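Notes for the one structure printed next.
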Amino acid sequence: MHFDLLHTAPRTKARAGVLHTDHGDIPTPIFMPVGTVGSVKAVHQHELTDDIDASIILGNTYHLYLRPGVDILKEAGGLHRFMNWHRPILTDSGGFQVFSLADSRKLTADGCTFKSHIDGSRHTFTPEKVVDIQRAIGSDIMMAFDECPPGESPYNYAKKSMLLTHSWLDRCWQHFCDTKPLYGHQQALFPIVQGCKYPDLRRQSAEYVASKNAVGYAIGGLAVGEPTEVMYSMIEIVNAILPTDKPRYLMGVGTPANLLEAIERGVDMFDCVMPTRNGRNGMLFTWNGTVNIKNKKWENCFEPIDPDSTAAADLDYTFAYLHHLIRSEELLGLQIASIHNLAFYLSLVRTARQHIVAGDFAEWKAQVLPKLMVRI
RNA sequence: GGGGAAGUCGCAUAGUGGCAAUUGCAACAGACUGUAAAUCUGUCCUCUUCGGAGUUCAGUGGUUCGAGUCCACUCUUCCCCA
């Protein structure tokens, strides 16, 4: 697995590249739909490929470990075969659950003990175990096990947490080197930069992480409660240190505006639940701003959701119909909204890439950004 | 014609002497960032300087310090028997 950096847009750090994997090439910058439990919620695999043309999706180690479990995944021949998805998969390590399930987890010297959100049973994740599970899943890109501290964490905690993440990284890396893929395709392990909102910690973490000769690197612990401007400045600090010839993955981000700002600062990969979750909750992202499709004003808007889209869902259905479906709690509404938002996110990064290649990314971004933040 | 039951904020409900009044639905908004989320929050009689103020529980009259709640009559609806 390797990354080719092809272009850098003038006057910015925005980059266009390709990440080559055994399951296909990923053009960057890229957005990766989140499919936590082996399913991008409300979206069919055929829609992901034929309609949205997603080139990679996410899975989650914690969720897949709890259900269906490692044995079933191995018996199935890995997640790709299990879910009939033949493009790349990236798995998060469960590090985010160390954050999001804070009430039912306990950090130990060795790793982290979780109380399952499904049945309350207790499970321990260690860096080694997290690598083993991701080997069983067979994800193309595995993530190192990290702690993702809250955005408002005080310095001392952020530092302690970062050092813990570094020590977990060492163990993940060692175990990654000591083990082999199970299904005949290559797997990469991406280390994760932490350090919260503190520049010196971010620098220290980026340097530490960059010392591993990884295929790519991730920036974690952002968009977790800190101001957006802080996030942008942390990205700048970290990307100044991470190797330029490797992809940078900004974990869990974000809004369309976040994506463009981060791309401008040299980020190549994104994932976020926002297009799918917010879509299911009635929020649509468009080139003209965001729409709350539940609002009364859409009941008689018979325009197609997005006439410029390549997704059938956008061409075939109107705002009024989607308004009706979502209000009626019809499953098709969740599906159309999710497909629309993912199609938009992917067209956003695709168009960004075209302008990076064309050399006018900065101008294009300046023109498009204000509209994206409008609430229609 | 005889007997019985019941009328509460759009709908449905709770309420048996201290109540602007329970809950659900609907309606109207808002939130959502490596998914414990097809979820959650707010508003939902009128006015408000958000502290409150004013009118309410089919209608009218009464008992009471105090009535959605008790009494009388009226109106309306439903059920049973003729």
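Calculated from DSSP H runs of 4 or more alone, at -39500 (n - 2.57) each and per residue, what is the 222 nm mean residue ellipticity of chain A, nearest 500?
Values: 13 runs with 146 residues, N = 376.
The helix-only estimate for chain A comes to -12000 deg cm²/dmol at 222 nm.
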Taking a straight Cα-to-Cα line shorter than 17 Å from A:K180, and setting aside same-chain lysines fewer than 8 residues away, one finds A:K74, A:K129
At A:E207 and A:Y157, where each label point lies 7 Å from the Cα along Cα→Cβ, what is the point-to-point distance in nanometres?
2.6
Degrees separating the helix A:199-210 axis from the principal Cα axis of chain A, which is the longest one
70
If R0 is 22 Å, what FRET efficiency do you get for A:V230 and A:R11 from their C-beta distance, rounded to 0.05?
0.40
P(r) over all Cα-Cα pairs of the range A:268-355, 5 Å bins from 0 to the longest distance, whole percent per bin, short to long, reads 3, 16, 27, 27, 15, 7, 4, 1, 0
Once you've got the GNM for chain A with C-alpha springs shorter than 10 Å, pick whichever of A:S104, A:S309, A:S121 has the biggest mean-square fluctuation.
A:S121
Cross-link partners of A:K365 among lysines (Cα-Cα below 26 Å; sequence separation of 8 or more within a chain):
A:K13, A:K197, A:K246
Farthest positive-ward along chain A dipole, Cα basis, beta-carbon charges - from A:T351, A:L163, A:A136
A:L163
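Of all DSSP beta bridges in chain A, what percent run antiparallel (nearest 5)? Mind showing how you got there, number by number?
Details: 23 of 45 bridges.
Beta bridges within chain A, antiparallel portion: roughly 50 percent.
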Measure off 7 Å from each Cα along the Cα-to-Cβ vector at A:D360 and A:L182, then give the distance between these two points in nanometres to one decimal.
5.0
For the Cα atoms of chain A, what angle does the longest principal axis make with the long axis of helix A:331-358, in degrees from 0 to 90, nearest 10?
80
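Multiplying the sequence separation of A:T244 and A:H86 by 0.36 nm and subtracting their Cα-Cα distance, what value in nm do you get?
54.0 nm
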For chain A, the longest principal axis of the Cα atoms and the Cα long axis of helix A:127-137 enclose an angle in degrees, to the nearest 10, of 50
May I ask you to compute the full-extension gain from A:R327 to A:S167, defined as 0.36 nm times their residue separation minus their alpha-carbon distance, rounded to one decimal in nm?
52.7 nm
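With an 8 Å cut-off on Cα pairs and a minimum separation of 6 or more residues, tell me the relative contact order of chain A in percent.
Values: 766 pairs, mean separation 72.1, N = 376.
Computed over chain A, the figure is 19 percent.
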With label points set 7 Å from each Cα along the Cα-to-Cβ direction at A:S39 and A:C301, the distance between them in nm comes to 3.0
Fewest first, what order do A:E229, A:E75, A:E128 take by the number of other Cβ atoms within 10 Å?
A:E229, A:E75, A:E128
Hey, if you put +1 on the Cβ of every Lys and Arg and -1 on every Asp and Glu Cβ in the range A:1-158, which of A:S121, A:G69, A:V18 ends up farthest toward the positive end of that dipole?
A:S121
Just how large is the dipole of the range A:30-272 about the Cα centre, in debye to the nearest 20, putting +1 at every Lys and Arg Cβ and -1 at every Asp and Glu Cβ?
640
Which one of A:C148, A:L189, A:N292 is farthest out on the positive end of the charge dipole of chain A, using unit charges on Cβ (Lys, Arg +1; Asp, Glu -1) and the Cα centre as origin?
A:C148
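With the cut-off at 31 Å, report for chain A the share of all Cα pairs above it, as a whole percent.
Details: 23950 of 70500 pairs.
The share of Cα pairs beyond 31 Å in chain A comes to 34 percent.
Bear in mind these aren't lab numbers, they're just calculated from the coordinates by the rules spelled out. The structure presented is a predicted model; accordingly, all values stated were derived computationally and were not measured. We place every Cβ from the backbone using ideal geometry, glycine too, and count neighbours over all the protein chains shown.
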